[in-house]
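Comments concern the structure below.
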Amino acid sequence: DPFGCRAIITDAPAGPPIDPERIADMSPPIGADAVFAYHDRSKHRLDGYAPGPGRLDWASQPDPFRRFEGARTLPLPLLADALDTPFSALRCGPRPAPRPLDLNGVATLLELSLGLSAWKSFRGSTWALRCNPSSGNLHPTEGYVVCPALPGLAPGVHHYVSRDHVLEHRAAPAAGWSAAFPPDGVILGLASIHWREAWKYGMRAFRYCQHDVGHAMAAVAYAAAALGWRARRLGAWGDADVAALLGLDRAGDFAGAEEEAPDLLLWVGPGAVRPEPGPLLAALEGARWSGRANRLSGSHREWPDIPAVHAAAVKPRTALEPAPVPPALPPLAGPAPDIAAARLIRQRRSAVDFDGVTEIGAGVFFDMLDALLPRAAVPPWETLDHAPRAHPALFVHRVAGLAPGLYLLARDAAERGELQRGMRRDWLWRKEGPAHLPLYLLAEGDLRDRARLVSCHQDIAADSCFALGFLTRFHDPVANEPWRYRELYWETGLLGQVLYLEAEAAGVRGTGIGCFFDDAMHALLGIEGDAYQSLYHFTVGGPVEDPRLSTLAPYAGR
């Protein structure tokens, strides 16, 4: 095969989970080596898939909603319909005048980022969809609000329950708490329940949890921008700091229930000064905590690789990194429809099938890719504190005015030379599209079969307008700081959320693809070694709707 793909094996059996003793035999079993080992073991390959459950144990299906029983609840108003910020302005940078930082503002932020977007119903079964997409709609990501005293909202630590759009007041702090907060902001914390994904996806679930964190980061950034606010990551905080602030290290509150792994904190609001860990954690001492986590499953299957890689990728407290300055780029063009951002965010869906005939124009395609380039003061780029590390390798199938073939978008122009040296020597590297768009044609041809192959033989990668894999700088970031492994996935998930919304605005639909043959994708590109790895796949096309499903309002009872 001229693209380096090997033979197809369609019925590859899943192997057993890795035994903990094998982890103990690794040398050394911590840090970067353990992360690299997990990444290699959790790859899907053409001759065998990563260890998974084999079949779903429906009796142990996790509850998609965490509650803290005994915590005081505060119903939140539903106000997104009154938010008229157009998406066409939001994606280009201009923001409305900041809304007040109060109960109504926080409620709208949560409704448009982590809240429900709809319920689906089929033959008596119903399930919820959310504004932040998730692998398998399993939603491992939990959200928290940490705030000073605000109009209508008590100070302290609150847990968000998307099912009911309520806050649970987990911690009521002592005097002096509000004084520890910089002005004009709240903290939105994210944590993951790995079991929710492992129930269905086994060892590979840790990867998908990190994708979902990236989705949620971008969802928060877009919702904040619609309110005239900004969302910035508190990058200096370590995992232990995040756990202490959100109460995730309170073992008694999680006794008998699934633990939550700390992910990150976002400083959200019109204020620019971000809080440091020390003063805020000191002010939390003496707080009154309430509530015990509900148990999500009656039984569990353990996947030892997941806690092992999580332990190896723990982030320490670090110095605050200066945010990179994006290069000057022309303003984004399009999309033409002047749809309200709140409406677009809530109508976003993950396509489950494509029609195989829909085309998009080259201009629309270029606009979508242009939206993946970081720009100053444009969501969601303020949530990242490093230069771009992910570069889409694209299978173009149905883009009118553009030859089908394999393309690459070098999101960081400084990396183009290294990317070119790391791939096949005979790629064309022919510049395509607008002058400022770093898009290159590598090879012309019909790649639908190859796109389907590397994405676990899934038709959605071939029946779309285009599909892609996020080729990500890998070895150096992880070798130097193993916790960057999680950040790499966060970036690809964030990019996926950008494409989700761009596709909706263009009248088509996107979907993330977590199942792909890692090394088959690398072989197709001519990549050897692990300087770069493909960490997430995505596809955009004309969706095929299932008429058997009914759609219900997200909060009809409210």
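The values are calculated or read from the model by the stated rules, or taken from the named source; none is laboratory data. None of the values given here were measured: they were computed from a predicted structure. So basically every Cβ, Gly included, is an ideal-geometry build from the backbone, and we count neighbours across all protein chains shown. Just so you know, the surface numbers come from the protein's heavy atoms only, side chains and all, with ligands and any DNA or RNA stripped out. Shrake-Rupley method; radii C 1.70, N 1.55, O 1.52, S 1.80 Å.
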Have a look at region 47-101 and give its Rg and Dmax from the Cα atoms, expressed in angstrom. 21.6, 56
In a Debye calculation with equal point scatterers on the alpha-carbon sites of region 400-525 and no solvent, what is log10 I(q)/I(0) at q = 0.13, 0.22 Å⁻¹? -0.61, -1.75
Debye log10 I(q)/I(0) at q = 0.11, 0.16, 0.24, 0.26 Å⁻¹ for region 177-246, Cα point scatterers: -0.37, -0.73, -1.18, -1.24
Taking only the alpha-carbon positions of region 92-211 and ignoring solvent, what does the Debye formula give for the base-10 log of I(q)/I(0) at q = 0.15, 0.16, 0.19 Å⁻¹? -0.81, -0.89, -1.09
Whole-number percent relative contact order across the chain, with pairs defined as alpha carbons under 8 Å at least 6 apart: 20
When only C-alpha pairs under 8 Å and at least 6 residues apart count, what is the relative contact order of region 250-384, in percent? 29
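Under 30 Å between alpha carbons: how many lysine pairs meet that in the chain, if sequence neighbours fewer than 8 apart on the same chain are excluded?
4
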Residue-ordered couplings for region 521-536, obtained by feeding phi - 60° into the Karplus form 6.51 cos²θ - 1.76 cosθ + 1.60 and rounding to whole Hz (Gly and Pro as x), are 5, 5, 5, 4, 7, x, 8, 10, x, 10, 4, 10, 9, 8, 10, 6
Taking the Cα centre of region 513-558 as the origin and placing charges on Cβ (Lys, Arg +1; Asp, Glu -1), which of SER550, TYR536, PHE516 is farthest toward the positive end of the dipole? SER550
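How much length is gained on full extension from ASP353 to ASP546, taking 0.36 nm per residue of separation minus their Cα-Cα distance?
Taking ASP353 through ASP546 to full extension adds about 68.6 nm, to one decimal.
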Write down the Kirkwood hydrodynamic radius of region 90-137, to one decimal in angstroms, obtained as one divided by the mean of 1/r over all alpha carbon pairs. 13.2
Along the Cα-to-C-beta direction of ASP84, a point sits 7 Å from the Cα; which residues of region 107-138 have their amide N less than 20 Å from that point? 108-109, 112
Could you check how much of the accessible area of the chain is carbon and sulfur, as a whole percent, using a 1.4 Å probe? 53
Given the DSSP H assignment, sum -39500 (n - 2.57) over each helix run of at least 4 residues in the chain and divide by its residue total; what's the result at 222 nm in deg cm²/dmol, nearest 500? -8000 deg cm²/dmol
According to the square roots a ≥ b ≥ c of the eigenvalues of the Cα gyration tensor, what is the shape class of region 453-527, taking rounded for a/c under 1.5, prolate for a/b larger than b/c otherwise, and oblate for the remainder? oblate
Ratio of the Cα radius of gyration of the chain to 2.2 N^0.38 Å, where N counts its residues: 0.92
Computed for region 219-375: size of charge dipole around the Cα centre, +1 on C-beta of each Lys and Arg, -1 on C-beta of each Asp and Glu, debye to nearest 20, value 520
Which one, GLY115, LEU428, ILE527, is farthest towards the positive end of the dipole of the chain when Lys and Arg carry +1 and Asp and Glu -1 on their Cβ? GLY115
Please name whichever of ALA244, PRO173, GLY228 sits farthest to the positive end of the charge dipole of region 156-250, dipole taken about the Cα centre and charges placed at Cβ: Lys and Arg +1, Asp and Glu -1. GLY228
For the pair ASP102 and ARG45, the simple spin-label estimate (label points 7 Å beyond Cα toward Cβ) gives in nm 6.1
Quick one: Karplus J couplings for region 60-68, per residue in order, coefficients 6.51, -1.76, 1.60, θ = phi - 60°, nearest Hz, x for Gly and Pro? 9, 4, x, 5, x, 10, 7, 10, 10
Where labels lie 7 Å past Cα in the beta-carbon direction, separation of ASP446 and GLU302 in nm: 5.2
Please compute the length gained on full extension between ASP459 and HIS386, using 0.36 nm multiplied by the number of residues separating them and subtracting their Cα-Cα distance. 22.8 nm
Using a/c under 1.5 as the rounded threshold, could you call region 23-178 rounded, prolate or oblate? The axes a ≥ b ≥ c are square roots of the C-alpha gyration tensor eigenvalues, and prolate needs a/b larger than b/c, oblate otherwise. prolate
Can you give me the long-range amide H partners of THR472? Hydrogens built in the peptide plane at 1.01 Å from N, cutoff under 5 Å, separation of 5 or more residues or another chain. HIS391, GLN533, SER534, LEU535
Dipole size in debye (nearest 20) for region 252-331 around its Cα centre, Lys and Arg Cβ +1, Asp and Glu Cβ -1? 160
Compute the distance in nm between two label points, each set 7 Å from the Cα along the Cα-to-Cβ direction, one at ALA531 and one at GLU418. 0.8
Against the 2.2 N^0.38 Å scaling, with N counting residues, where does region 225-358 land? I'd like the Cα-based Rg ratio to two decimal places. 1.47
Work out the length of the dipole vector of the chain about its Cα centre, built from +1 on the beta-carbon of each Lys and Arg and -1 on the beta-carbon of each Asp and Glu, and round it to the nearest 20 debye. 840
State the three equivalent ellipsoid semi-axes of region 321-434, derived from the C-alpha gyration tensor as the square roots of 5 times its eigenvalues, in descending order and whole Å. 25, 23, 13
Order of 255-261, 131-137 by packing, highest average Cβ count within 10 Å first? 131-137, 255-261
Assuming a viscosity of 0.692 mPa s and a temperature of 37 °C, what translational diffusion coefficient in µm² per second does Stokes-Einstein assign to region 109-179, Rh being the Kirkwood radius over Cα pairs? 236
